[in-house]
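Just below is one structure, and these are the notes that go with it.
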Amino acid sequence: MLNKNAPIGVLDSGVGGLSVLKCLRELMPHENFIYLGDTARTPYGPRSEKEVRQFVGEMLDYFETQSTKLVVIACNTLTVLGVDTLKGNHEFDIVGMSKGARLVLNGSNNKTIGVFATEFTINSGAHKAAITALDSTATVVPKACPKFVPLIEGERFGSTEIAAAVAEYAVPLKAAGVDTLILSCTHYPFIKKEIEREMGDKVKVIDPAEQTALDAQMVLHKAGLLSENAAGQTTICFTADLARGKRIASRMFEVASCDFRTVSLE
Ligand code: DGL
């Protein structure tokens, strides 16, 4: 029996899902959250499906031990595996990242839309399929950005490496004339300003985290599981490098009231 005041689990391969945790905390400040970032094994983007399925299975088992009432997969690479295929025997529901198809189509005038994501996510074709399913006339320009996650996990904020990678990945999108770009990897909001600067002010850069938080709230609402008197406590766990995780988390939101822990999954 799931408990209304139980925590909501939020997971990612590393620090990226903190960008989603930020929106979840803003939308549902009275809920308790447990974040789990697998910083010991990040990035997931270049790995095989077998490996990432095993890793997400271990994270979901961890959340089972924490009696979470819902798990948000704050990772597009894991979401494109198919959230339904991850549920197994877990009692809690699982919410994946929004593909943001409606958001980008509403935001675009010329229906030419860029997608930045990991190789795994781009190879799945999931975002292109979701956008063209809603509007078959839309042109989608997907671009895998394998340099971003290691640079963000490595705290290379403001570096020339990030600026160069952003400029490199922007080339095909600019050539195609996109007017909207979706950040379909939860790490990328950490460098949203650099991406916006490179794309110019005629291009809208969209982060689907807020929509994902709304989706999670709706699932809890429908299940009658929105908390009535939880304490609004956030616990942030990493599988390695706690101090680094804490520094990066503090770029996203105020961490003074958060509890930080190292967790072992293997
Ligand atoms: N943050 C993740 C995503 O949204 C995964 C990044 C990675 O581990 O490659 O796809």
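The values are calculated or read from the model by the stated rules, or taken from the named source; none is laboratory data. The structure presented is a predicted model; accordingly, all values stated were derived computationally and were not measured. Here the Cβ positions follow ideal geometry from the backbone for every residue, glycine too, while neighbour counts run over all protein chains shown.
What the table shows:
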read-out: Near pairs, Cβ below 8 angstrom, 6+ apart or cross-chain, from region 154-178 (at positive phi) to any residue that is assigned to a helix (DSSP H, G or I); value: Glu155/Arg244; Glu155/Arg247; Glu155/Ile248
read-out: Residue match in region 173-181 (condition: within 24 Å of Phe120 (Cα to Cα), within 15 Å of the ligand (Cβ to nearest atom) and out of contact with any strand residue (DSSP E or B) (no Cβ under 7 Å at 6 or more places or on another chain)); value: no
read-out: Residues (out of contact with any strand residue (DSSP E or B) (no Cβ under 8 Å at 6 or more places or on another chain), at negative phi and not β-branched (Val, Ile, Thr)) located in region 52-78; value: Arg53, Gln54, Phe55, Gly57, Glu58, Asp61, Glu64
read-out: Some residue of region 29-50 being within 8 Å of the ligand (Cβ to nearest atom), of a type in the set (Ser, Thr, Tyr) and in contact with a helix residue (DSSP H, G or I) (Cβ under 6 Å, 6 or more places away or on another chain); value: yes
read-out: Boolean, Ile191 is in contact with a Leu (Cβ under 6 Å, 6 or more places away or on another chain), at pLDDT 95 or above, buried (at least 18 other Cβ atoms within 10 Å of the Cβ) and β-branched (Val, Ile, Thr); value: no
read-out: Residue match in region 69-80 (condition: hydrophobic (A, V, I, L, M, F, W, C), away from the ligand (no atom under 12 Å from the Cβ), in contact with a Phe, Trp or Tyr (Cβ under 8 Å, 6 or more places away or on another chain) and over 19 Å from Thr239 (Cβ atoms)); value: yes
read-out: Some residue of region 78-90 being crowded, with 19+ Cβ neighbours inside 10 Å, among the β-branched types (Val, Ile, Thr) and out of contact with any helix residue (DSSP H, G or I) (no Cβ under 7 Å at 6 or more places or on another chain); value: yes
read-out: Meets criteria (surrounded by fewer than 21 Cβ atoms within 10 Å (Cβ to Cβ), in contact (Cβ under 8 Å) with a residue 12 or more places away in the chain and more than 27 Å from Lys22 (Cα to Cα)) for Thr139; value: yes
read-out: Selected residue (only one of Leu220, Leu181, Leu242, Leu214 is touching a Leu at 6+ places or on another chain (Cβ under 6 Å), modelled with pLDDT of 95 or more and under 24 Å from Ile73 (Cα atoms)); value: Leu220
read-out: Where a residue in region 30-48 is within 29 Å of Gly125 (Cβ to Cβ) and touching a residue at least 24 places away in the same chain (Cβ under 8 Å) and its partner, wherever it lies, is surrounded by fewer than 21 Cβ atoms within 10 Å (Cβ to Cβ) and of a type in the set (Lys, Arg), with Cβ under 8 Å and at least six apart; value: Thr39/Arg244
read-out: Complete set of residues in region 61-91 that are touching a residue at least 40 places away in the same chain (Cβ under 8 Å) and either among the aliphatic types (A, V, I, L, M) or touching a Lys or Arg at 6+ places or on another chain (Cβ under 6 Å) (or both); value: Leu70, Val71, Val72, Ile73, Ala74, Leu78, Val80
read-out: Failed condition for Asp201, given (1) in contact (Cβ under 8 Å) with a residue 40 or more places away in the chain; (2) under 24 Å from Ser108 (Cβ atoms); (3) not basic (Lys, Arg); value: (1)
